[in-house]
Every structure is written in structure tokens, then in C-alpha cells.
1. Please specify each residue of the range A:40-54 satisfying the condition of being in contact with a helix residue (DSSP H, G or I) (Cβ under 8 Å, 6 or more places away or on another chain) and either within 6 Å of ligand 1 (Cβ to nearest atom) or among the hydroxyl-bearing types (Ser, Thr, Tyr) (or both).
2. Could you please find all residues in the range B:78-87 being among the small types (Gly, Ala, Ser) and modelled with pLDDT of 85 or more?
3. Can you name the condition, by its number, that B:Gly280 falls short on among (1) in contact (Cβ under 8 Å) with a residue 24 or more places away in the chain; (2) out of contact with any Gly (no Cβ under 8 Å at 6 or more places or on another chain)?
4. Please go through the range A:32-56 and give me each residue that is outside any strand (DSSP E or B), within 29 Å of B:Thr408 (Cβ to Cβ) and away from ligand 2 (no atom under 16 Å from the Cβ), ordered by number.
5. Of the conditions (1) within 16 Å of ligand 1 (Cβ to nearest atom); (2) open to solvent by 20 Å² or more (accessible area, probe 1.4 Å), A:Leu28 clears all except one; give me its number.
6. Here is a list: A:Cys45, A:Cys99, A:Cys57. Which entry is more than 9 Å from chain B (Cβ to nearest Cβ), crowded, with 24+ Cβ neighbours inside 10 Å, at pLDDT 95 or above and touching a Gly at 6+ places or on another chain (Cβ under 9 Å)?
7. Select from the range B:272-302 the residues that are open to solvent by less than 30 Å² (accessible area, probe 1.4 Å) and in contact with a Lys or Arg (Cβ under 6 Å, 6 or more places away or on another chain) and write down the one among them that is farthest from the other protein chains (Cβ to nearest Cβ).
8. Assigned to a loop (DSSP other than H, G, I, E, B) and surrounded by fewer than 23 Cβ atoms within 10 Å (Cβ to Cβ), is that true of B:Arg598?
Amino acid sequence: MDLVVNGVRHSIRNGPARPLLAVLRDELDLTGTKYGCGEGQCGACTVLLDGAPVRSCLTPAKAAEGKQITTIEGLESNGQLHPVQQAFLDADALQCGYCTAGMIMSSVGLLKKNPNPAEPEIRSGLQGNLCRCGTYPRIVQAVRMAAQNNGGRHA
Amino acid sequence: MPDFDLTLPDPTIPGFEVDRYELRERPAYSFVPDRRDFLKLLGGGLVVLLALQSPAEAQESGGGARRGGPGGQATPQDIGAWLHIAESGLITVYTGKVEMGQNIRTSLAQAVAEELRTSPGRIELVMGDTMLTPFDIGTVGSMTTPIMAPQLHKVAAAAREMLLDLAAQQFQAGRATLTLADGQIVNPATGKSLTFGELTKGRKLTRTITADAQVTPATEWKIAGHDLHKVNARSIVTGKERYTSDLKLPGMLYGRVVRPAAFNATLASLETKQADQLPGVLTVHDGNFVGVACDDSAKLDQAAAAVKADWKAPAQTNSRELFAHLKSRAAKAADWQPDPSGDVHVEATYQVPYIAHTPLEPRAAVANWEGDHLTVWTGTQRPFGVRTELAQAFGLPEDKIRVIVPPTGSGYGGKHTGECAVEAARLAKAAGKPVKLQWTREDEFTWAYFRPAGVIDVRGSARKDGAITSWQFHNYNSGNAAIRSPYNIPNQIAEFHATDSPLRQGSYRGLAASANHFARESHMDELARAAGMEPAAFRLKNAADPRLRAVIEAATERFRWGRAKSRRGQGFGMMAGFDKGGYVSACIELTVLNGKVRIDRIVQSFECGAIVNPDQLKNQIAGGTIMGIGGALFEAVEFENGRILNPRLSKYRVPRFSDLPEIDIVLVDRKDLPSAGAGETPIVAVAPAVANAIFDATGKRLRSLPLKLDA
Ligand code: FES
Ligand code: FES
């Protein structure tokens, strides 16, 4: 089976039931995408499928066949951070950083759909992502900054 | 001047105490390499070591030599930290502390940068590696800021003085005329400059210092004490940072432990035939340990399910009977003193359940054997403690074991122990290959330890004018920290009662202080109302400590405490307190609608001496406050007969974006006082202030966490 991840085609081991998360992390060594619960509750495993955020722990690899998969490693382009990544840096929106990749991917997905979300829309858009370190206020701030920098128009 | 000793709470920090459940003993033996081996590893350049010295030792021997090696030199376990300036100019600091999101990688780099007058970006920190860094008791009890940061100031200041001596020689100039700027020493008279690397070239200079180095006073800090973004943030936002669970070694297998059906169970029978027949799957059985390893993590569920194990477990208690259990099993019951004083008396009982740390990264370890040498990468707050656990589990001397702590998806006091490391090493031993074990979320909710549950009985009396006349406080099981009231009460009694804990319990961010503050500050509110006094005025009436008064005044002023309610269901509540060197006060506004509590606004004032990095401090306080919302409103571990009933994030509610109130933090900076840590104390503020605000809104007094109103 072939998967297109961050614009590159990879041929991966067969097994239709294999979760996309395991394929990305263990087979392709794209470990920016994290495991936090395996039941769709924490959002640490969020990636984009054709631009829309999905929980890779609950997504069979098979379901991603023929789609564009984007992970945190694929956001940077030509050494330039994506505006959402830059905003997380500027707002210092992280503590241990384990939730950060999932937060950024969900935020990118959110801004694609809604390039200028109001604060309550950011909160409800990210409701499925957990930050146990409680960095929520700065994450909201980062998404607002990214929106101002046209974050929604990128990848 | 006495130096700090990492093993003991520092007596110079008022009120500093290590939580009861935090381990504080050095191991009896520590077989680490000789100091000369270390120095060989470091190569040329300049090395400054900081010798640990307790005041008693200093008097006894006049130096750090008592446990020392040949020639009265300190050996590595007597060294708190060291710093190396290489010929290349690279500045490396070695500390046994670990980074778990509390941001010490950045704040410790700032301490060193300050003294060397250079940018923090030039400083490399090697942390938590038992082969490379000095022994450390653990990143626990908010001790990094009060103890490790001052040590690094001293080490770096000593290095600066050595560099100045070298430069004075080379320039043939007076030391006092030279200036330091960004990795160089300049002679303004001639305009000549030399980099730190050039100064050390061709030499190997070592100095062991104790505590005499002249450090820069906090009032003059230009780098420490100022905002600085996290040094490794870029690698995190690009997904490149490798946490333990992201590591991959050649030939590595993935592991899973087949868990017992209940706590305290023993294996009655085991059938692994089916699992053994699965391609690429290895089963491991040793006593009560059963596990599987295979080459594909996606096969672990199937492999573990194919193992048929029967377990025998004794009957065990449940969460509904928990509080009765804790009180009835206490070694000694409360000895209440008759109390004829005061005009009003209030008696009440407060309860806190077990709660789970729920770090977003469940415990993980990668183990690799090379002959009888074992290396384990694992996210722990106590690498040296985990090394000891591994040595005991495998009957190995400690010098054959290396524990390395990669970046970790936090711990909050939950990652002190090494069971995941031991399990990974057992699987790797059987496999003859490296094994990565990442606990499942359910493992993490079940087989880690919990924040202790507790029952607290309080009796207090006050005069009509608000003065507290007596105070008796008995805590069962949740611990000693902050058990004494910081208010001015002449004859207070505050006792901790050990009892039998049905679940395994351990350290947690502000564990006992949270329970004790919840009980005390709720009771203060009850007493204030009984005396007919307004809660803030009642606290100020009884607060003599100026630092306590200052935080109460700061929080109430910012909150505009005392204003009238403007909505149905609105409630205001407050608290004040002190723990681990930090003073805190909080005012909360919330709304109760149809039995549901929504926290609208939290104003929290905090004072922990001289502020090291205000921006990061606010981030820590906000983080602790949000975590505290979980303990106040949602979290409780439910259990029955040796099983956890809610071991999933879908059943155990933690704070999410929707729970986020407006958080307003007022920092009280005391440059004249030593800095204390802030990773823990802010969390204690939430539960009591919320309970008091719920009473204000509804007239219902909730005395059990999590705070739940019947709809
Ligand atoms: S790991 Fe996928 S949502 Fe938690
Ligand atoms: S930063 Fe630690 S979980 Fe979000």
C-alpha cells in the first residue's frame, strides 16, 4: 500500500487495520505525532488528511490511501515555519511540549476552515485537544496571532 | 558560609519542607566513576565543580573531604553541579535535574549566562544522565529554583573570576579594568579582546569551589529575572524534539506488559502457546511479570490478548468506603482538646479523593543491554533513583547501569519511580534486542501511583471581633505539607495521621498542601461567616505575617473584592496560603446554573521571593491553576476490588479549553528574598476559593472534592 505523507510517496507494510499513528511513528519515523490515549480523546495524534484534522490513532492507514497526509514535520516550507508554528513560538504556547504538535495541527485545520475565528470559536475548535500542563490561554493567544498573520492561507 | 545540600530541605528558606511522600535519602552506596574519569571525558579547557557541604561537615573537616576520595578531593557524589568551558568556547553545564515542562533548561541557562555575561543561547545543559551528570536526588519538591539555580550562579561566577584572572595575565592589565561581553573579555584600554575559548586554550584548569564565589545580586540581574522564551521551543513546534516514546534503536522491538486483573494479584495459571505462534511475537514470563514484545507496535494488542493468564486477587475495598477506611485504619485517632474559648465554634470534615497525574505522555522507556551493561532512556524525575531500582531488580552494580532522561511529556510528581524502566529492561533481556515500552493510557491510569486521598477534621473558634482563639486540625493520610495555619493563632494543633491507603500513592504537584489548604481555607470561610465577618477582612484580622497580608491585599485589590453581585447564580470566593517558600492568595468569580459550576475569573497573587523569569512564572502559575480546576471540579479515581473503574480519558475528566476562566496573575516581586519554586504552590489556591464561591452563590457548603452540586 502507498501513502503520501508531506508530499512524499511511501510504500508501507500491508495490514488494513494498522492505525495511521503506528505507521507514521514506527514505520516512517515521523515521531512528531504523539500517542496520548488511543481513543480520540486527547488530540495529541492529530494530522491533516486533505487539509482536515483527524485523529490518527483512530484512523486506519487504509483510510488515508490516496489522500494528502500532512504531519507536523511537513508544515515548514523552505526552512520557513508555518505561521501557526511561528505563533506558538512567539506566544511561548508550550510547557512540556507533548501536546504541541497536535495543537498546531488542529489549529492549522481550524484556520483553514475559519481564517479569522473569534475566541469562543478557537476554544470550541480545539476542545478535543488536551494540554495537561494547562497552557490553554497562550494557545488561544497563539491561534489569534496566527490568524492575524494569515495562517489560514497556508498549507 | 554554609552551602546548600541537595538532599535536605534548605533551612534558610522559611517554611520549606519536602512532601512526606517524596524520597529524600541518598542511596547507601553509589558506585559512580571516579572524578578523574569525568574530567578525562570533558577534555581541555576550564572546569568548575561545586562541592556540596553541609554546615556540620564544613565544621568537622574544613572542606568537602569527608566522603572524598584520595587526597581529600570530593568525588562526584559530593558535587552539586559542574561547568565546563571548552577550548572551542562551548559552555556546558552538567546537572542531574531534568526538564519536564517546568522550563528549568531555560531558567538554569539564564543563571549561568547572567554570571558569565553571555547570551543563554551559548550555554548547553546536560541534564539527568547518570553517567555524565552529578548525583541528584530528583527534580522534586520545587527545589530546582531555590537550590540548583543559586548553585549554578556560584559555579558560573567562579568560572568568570578564573577567566578574568587569565585575561589579566595575558593582557598584563589590572583585572578591574577588564570587561566581559558575550563570550569575550575586553581590555578597553587597548581595545583588544579574547574569547573564553582563546583564554582557556592549551590548558586544563580545574577548580572546586564551595560557596564563597561572589554572585551577582538579583537587583542587578540583566538576563536572569527577565523574560526569555524556551530554549528548545523550535525543535518542539517542528516535531523534531525526541521524547522517550519517540526513540528508535536499530533492531528495536515494541513491548507491552500483560497486566494482572487486579491490584495485589498473583498469577495462578498462564497459557502463551497461541501468542508464541504469532509471527514475530515473543512472550516473557518471570514470576508475576508477563509481557510480550514484537517488531510491530500495531500487533501489540493482538499479541497481549492472545496470552491467557489467570490471576488470583484478595477482596479489596472501594472508593465509596474510602473515607471511612482511612479514618478507621489510622494508627492513632485525633486527641481533641476541650475548647471553651471564643464566641463561635465550627466543626467540619473535609475530604479529598485519589486523583491521577495524567501526564499527556504516559510513562515510556527504551532499554538496551550490551553484555551485562544496561542503558535505559526513560522520562523520570529521579534518574539516579531509577538506576538504583534497576540495580536491585537485576542484581547489578550501579556502575553497569546508565539512565538517561530525554525530554519528557511532563510528570507533575508522577514520574518518580522506575517500574516502566524495569519492565522494558526485563523484556529487552529476554529478547536480546532493545525494547521500547510505552505504557498505554490505561496502564498509566492504573499502574502508576496516585495523589493521596485524605480526610481532614477541623475545629476552630473565634471571638465576635474575628480573632481566632483556637484551631485544631487533623489530617488522615494526605500528608504534612502546609498543615499548620499561617495565621496568627496562639495555640494551634495540627497533626498528620498515618493510616492504610488502599491504593498506591505518591508525590503530586502540591499534594498535601492542596488538601490542607482546601480544608483550612474552607474552614476559615465557615468561621468568618459564623462570626458575621466578611471573609477577606476576617483573614486580614488574623494575618500577622506581612508577606501573607501583601498577597491578600494584592489579590483583593485587583479583583475589586467587596463589590456587589450583578447576576443570578454569581458567587465570589477567596483564599490565602503559604507553601514551599511561596505565598499565594486567590479571588474567584463563578456562576452556578442548573447545578453546573462555571468559573468565570480567577485573580491570583503570588510571591516567591526574587522573580527569576516573570513570563515563565506566569505560565507556571496559570498552568498550576488550570490543573487545580480539575482537582476542584472533576477529578476522582474510582475503584473497586483492586480495579480502577475509570482508567480512560473518556471517563476521567481533566480540564479542557471550555473550562478556561479569565486568569489574572499579580506577581509580587521581592528582590530582597531568595527565589523559591513556583511549580506547585499555585495549584493549592483553586479548590478552596471555588468552594467558598459556590457557598456564596448557593448557600451550600461543599466539603468534599471534587465539588459537585446536585442538579
Ligand atoms: S492519541 Fe489519538 S486522540 Fe489521543
Ligand atoms: S505543554 Fe504539556 S501537555 Fe501541553
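The values are calculated or read from the model by the stated rules, or taken from the named source; none is laboratory data. Since the structure is predicted, the reported quantities are computational estimates derived from the model, not experimental observations. All Cβ positions, even for glycine, are placed from backbone atoms using ideal geometry, and neighbour counts span all protein chains on display. Remember, those area values only see protein heavy atoms, side chains included, never the ligands or the DNA or RNA. Shrake-Rupley method; radii C 1.70, N 1.55, O 1.52, S 1.80 Å.
1. A:Cys42, A:Gly43, A:Ala44, A:Cys45, A:Thr46
2. Looking only at the range B:78-87, we keep the residues that are among the small types (Gly, Ala, Ser), and these are B:80-81, B:86.
Listed by number, the list holds a single entry, B:Ala86.
3. Here B:Gly280 clears every test but (1).
4. Within the range A:32-56, A:Gly38, A:Glu39, A:Gly40, A:Ser56 meet the criteria.
5. It fails just one condition, (1).
6. A:Cys45
7. Top of the filtered list is B:Val292.
8. Details: assigned to a loop (DSSP other than H, G, I, E, B): no; surrounded by fewer than 23 Cβ atoms within 10 Å (Cβ to Cβ): yes.
The answer is no for B:Arg598.
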